[in-house]
Each structure stands twice: as C-alpha cells, then as structure tokens.
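Structure first, commentary second.
The values are calculated or read from the model by the stated rules, or taken from the named source; none is laboratory data. Source: prediction; values computed, not measured. Every residue, glycine among them, receives a Cβ derived from its backbone with ideal geometry; neighbour counts consider all protein chains shown. What goes into the accessible areas is simple: the full protein's heavy atoms, side chains included, and nothing from ligands, DNA or RNA. Shrake-Rupley method; radii C 1.70, N 1.55, O 1.52, S 1.80 Å.
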Amino acid sequence: MAGAAHCSLQAKRMLLDPKFEGYKLSLEPLACYQLGLDAAVAEVKLRDDQYTLDHMRAFGMYNYLHLDSWYQDNVYYVDQFGRVMNVSVTLDTALQKPREVFRLPTDLTAYDNRLCASIHFSSSTWVTLSDGTGRLFLIKSGKRGNSASEKWEIVFNEELGSPFIIAHSVSFVKSDTRSVAVLLLRVEKDELDTKGSGFHITLEWVTIAEISKEGDHRYEIFKRRVLQGKSVPHYAAIEPSGDGLMIVSYKPFKFMQDEDNKLEEENDDTKATDEKKDPLYYWQQTEDDVTITVHIPQEITKDDIKVHFSPDNICVTLKDQPPLMEGKLYSSVDHESCTWIIKDNKSLEISLIKKSEGPRWPELIIGDTRGEFIMDSSQCSEIAESLMHLTSEVMNPNPEKENPPCNAQELEECDAFLEDSASLCRFDGDTLKVTHVINLGSNQYLFSVVVDPREMPCFCLRHDVDALLWQPHSDQPENMWEHIATFNALGYVQASKQDKKFMACAPDYSYAALCECLRRVFIYRQPTPLSTVLYNRKEGRQVGQVAKQLVATLEANDPILGFQATSERLFVLTTKTLFLIKVNPGN
C-alpha cells in the first residue's frame, strides 16, 4: 500500500451523547403481519466441501431478502422454482400476495455446485441478477414496484466462470454511454495455500457497456478486473461514478495484474529490495567507549583510509571517494584518545572514547540511519533487570494500592472480538492501486445500509460502546467518510447477542434492529422526548428523553433467512413466510 494516503475517521461530537443512560424495555405491542409464500425460498445449504469460516460468512449467512432502496417498502426474493418474487407494501392490513416479476431461464435443480441466487438493484430501472451457477444477467426492469410499468427484460446474459454471488453493482453514464459495473464474489480453492484454509477470496469487477453498431444497441463486457484476498470482505462497493472501489476487510485485497503490469510490479519490488541494503556500519557501546565496525573492500590498504576525529564530529573516507561516514556525533568524545585499526583485512574498527562516562547514546551520528546498533548480552540482562520492578508473577500483587494495574480479566467477553485489525481501503479503477487506507483497529464492523441509493452504501462501526454510521463520499476527497448518525450503546448491546444473525437500521436512523437465527427480533429506538415527567431517583434529576428497546417474537419455527429495514417497518423472511413488523407509523 505504498503511496496510499493513511486517513482516519472523524466522529462528529454533536452526534455523540455521553449522558446516554441506556435502553428501557418497552412492552408496547408491535403490529406484526405475515404473508404465506406460494413456494419456499430457494435456500442453498453449504456443501461438505464448503467448510471454512469464509464459506459460512459469504454463503451460509447470506441475506435472501433484497430491499429495493429506489422504491420504499419494496422487497424481492427468489423461490425454489427460480421465480423472482416481489412484495410491495402500501397498506399493512391489505397485503397483496407475492407476484412474479421474472423467471430464471436456468433449471436450478440440475446444478449440484450452485450457490444462492443473488440480486442487486443498480438504479431505478436496472437490475443485476445471478442464478448462482456462474451466469450473470443484466436486466432492464422499467419502473419497479408498479405492476403496470414493471417489465424485466434481459439485455445481457453470459457465463462468467465459476459460481459467484453479486456483492454490489452501479449504473452510470459516461460520454453518453450507459455502463453497469458489477462486483462478483467467489470463494475459490487455493492449491498454493498449504498452511491456511486452502481457499482464497476473489472479487471480480466487471464493467458492461452499451455498444452501438449500425443502429444495433447491445451490451457487452467492456472490462474485467480481479482482486484477491484471504478473507471475505465485510463491505465492498463500487463508487457511483464507477471510478473506484471501497473494501472493508480483515485481510487486505490486491489486484491480480496482467503480464505487463506484473513485470512492472516485479521491477518495483526489485527496486524496493535494492533499497533495503545491509547496514553500512555496526556499532556497540559501553559506559566508557563506542566501537564502530565498517566492512571495507579487500583492495583497500591502510594508506587509502583517512579518519578524522574532532570533539563532536567524525569523518571517514576511503581513497578519493566521498566520505563513507561523516557527521555530528550524538555526544562529545575525547578525540585525542580515539583510534582505528584494520582487522583481518576485511573491516575497519574505530574506537571512540566518551567524554562523559555513563549515559547511553541512542544514535551514533545524528540523523544517520545507515548504521545498526548491536547490544551485547550483559546489556540486555541489565535492561531486563531495571524493568523487573514493573512486572510481577501475580495479577495484582498489592490490591490495596490506590491505582492497581490493569486487569485484562475485567474485560467482558462481549468486548472481545477476533478481527481487531480490519482496514478500509479505497482502490482507484484506473491505476488499480490503493489511494486511501484506514486502519479500523478496534472499530468492529457491524452492518451496512443504503440511506440514499444514489450514494454508496453506508457502513456501521462500533466505536467504544456506540455504533456510528458512516456515509462514503467518493467525490469529496476532503470529506470522504462522513459520520451521519449514532446508535447509542448499540455496539455494546449487539455484542451480548450471541445468536444474532442480521443487523439493520432505518434509512432515516429512527431505529436499529437485529434478529437472531430463530424467531426473536430486537428493536432499538432513538431517544425521544417524554410526554410525562420522569425522575432519576439516584441523582434526583428529571429525565428529558428515553430510548426504548422492543422485542418481537415471530410465530415461526423455520430459521430466519432474510432481514431488511425501512423507515416504517421491518421485513423478516423465513423459508415459507414473510413477516412485516410495523415499527413507525406512516407519515
């Protein structure tokens, strides 16, 4: 990632609430409606050879319910007959049966190694669709959510290799040419990986463009680029302009170059390796003196060497060459007592006598990084002994001490998570290089949500106990990631839900929600002003607002397969039923 700008996420203080007191469990009833499905959802269970954590994350935890962010309260799923079914809600009490909008031409039952079918809504009139067998469809849908104007028509249909799922897609116009960029996710066998899981992850960035020839308009693949990594990305999205890509992942991704670029990259690596040369000199020190060892060519004789000592400087030259070592010493020396000799015709050994005994020098020549300091074993033992008082064989040797040492056992289990070194990278579509990188550290990735379909999806990260929502702005280099909302204490709350499967939030930030694998759904509303007077008994002060937690239990024994949130309601999909939970009243 050489050359990439290392950035950081700047939280807005005005969106943080340090006085948040927690969620109050509310027993208010939630209106819950259910819709029976004509045919079961086309769930694809993991095969025996899909045994890694990456397979589980990519395919086992797949969200089979697809929210159309361009049209409010409009969801889609694919059933076992390969039909793309739509549910569009206008009135909860008068739900219409799911209607078929498209049927996959593939006989899905004929494929043993297929993945789940996936859908992504590229724009208000364009859809990308995969049947899970390795075939990609580009569809012109017309205005969706309205049976009169919605008509799905295939304009591109091609086999693109091994099975994949669609991670993201965008539609854009450049130079009067319509293009659609799609991101395809695969988990592939890696024969070279003998120590890891034996698999790697690929993200294929495919751009399909409109080609006009003699009045004939058709769509063809314009560009294919492949990124490879060792962990399934938490978040991967193409910029609205199609010029770049952003990825949040535990392990880094990099573009797989073609042959010309590979040679160029190898040359860059060779240059970088050449720059990492052996140290020019080695030096050691005691309390009294400093010894410098410099390797010299065999043909150099004593007469070719000139060493000049002064109280604060040193200069070493070989023959008529520029000085080998020159500069101001870290501290003064007794220059008249300094000496040098040639050892074994291979090295020059210089002895400097310190003027002030005792203090250790952190460097030899100020600002010169070409040397390497070598510490002998007695000095290592001395340093270890001097630090001994800071360590102990027991966790807290003096419990009465006013400020006891930090005890890692005080951390709760829900505060620990494995992937504490995830990073956010922005790739340039032309150079295929990382332009911006953010080390997320302990800011655990939680979920993503589309707030504005014309922008990139937002991602939610844990910051301390809170969950902060970030909106990427690819067209604003100075404000590329904007903090737009905070869900107080949600980072801490979600960590305690060990059975959680999906998380989501309303596009208007009014609530966040999570569901478990079976039945239960938890809803966390933003704080709202109270209509009655409420006092905090402990502190004797009036409480102005309260945040409510609500719990819904679904009447279903089937596992939850899909979960989506809109500003008014939650959609929960099981194998044979679609549940609608009314969270907020309509405007």
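At-a-glance table
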read-out	value
Average accessible surface area per residue within the chain, 1.4 Å rolling probe, Å²	54
With every protein chain in place, the range 282-370: carbon and sulfur % of accessible area (1.4 Å)	45
Accessible surface of Asp558 - all protein chains present, 1.4 Å probe, nearest 10 Å²	60
Unit charges at the beta carbon, dipole of the range 282-370: most positive-side option, Leu324, Asn313, Trp340	Leu324
Sequence of Tyr51, Tyr77 when ordered by accessible area, the most exposed leading, probe 1.4 angstrom	Tyr51, Tyr77
Descending principal axes extents, the chain, alpha-carbon based, whole Å	100, 79, 45
Distance from the range 3-71 to the range 104-156 (C-alpha centre basis), Å	22
Degrees between helix 259-275 axis and first principal axis of the chain (Cα, 0 to 90, nearest 10)	30
Sequence of Met503, Met14, Met85 from largest to smallest accessible area, 1.4 Å probe	Met14, Met503, Met85
Per-residue SASA entry for Glu43, accessible area with 1.4 Å probe, Å² rounded to 10	60
Unit charges on C-beta of K, R, D, E only; dipole of the range 282-370, Debye	160
Descending Cα extents along the principal axes, the range 282-370, whole Å	38, 24, 24
Exceeding the 30 Å Cα-Cα cut-off - candidates Lys45/Lys251; Lys19/Lys500; Lys97/Lys140; Lys151/Lys500; Lys189/Lys497; Lys45/Lys195	Lys151/Lys500; Lys189/Lys497
Using alpha-carbon coordinates, inclination of helix 377-386 to the longest axis of the chain, degrees	60
Heavy-atom accessible area order for Met56, Met480, largest first, 1.4 Å probe	Met56, Met480
Accessible-area value, Val41, 1.4 Å probe, nucleic acids and ligands omitted, Å²	10
Fully extended contour minus Cα-Cα distance, from Glu158 to Thr553, at 0.36 nm per residue	137.9 nm
In range of the label at Asp303: residues from the range 341-357 whose backbone nitrogen is under 20 Å from the point 7 Å along Cα→Cβ	341-348
Positive-end residue, the chain charge dipole about Cα centroid, Cβ charges, pick of Ile366, Gly586, Leu67	Gly586
The chain, dipole about Cα centre (Lys/Arg Cβ +1, Asp/Glu Cβ -1), debye to the nearest 20	2920
Net charge dipole size for the range 40-94 [Lys, Arg +1 and Asp, Glu -1 on Cβ; Debye, nearest 20]	100
DSSP bridge orientation in the chain - percent antiparallel, rounded to nearest 5	95
Rh (Kirkwood; distinct C-alpha pairs) - the range 113-167, Å	11.6
Sum of -39500 (n - 2.57) over DSSP H runs of 4+, divided by residues of the chain (222 nm, nearest 500)	-1500 deg cm²/dmol
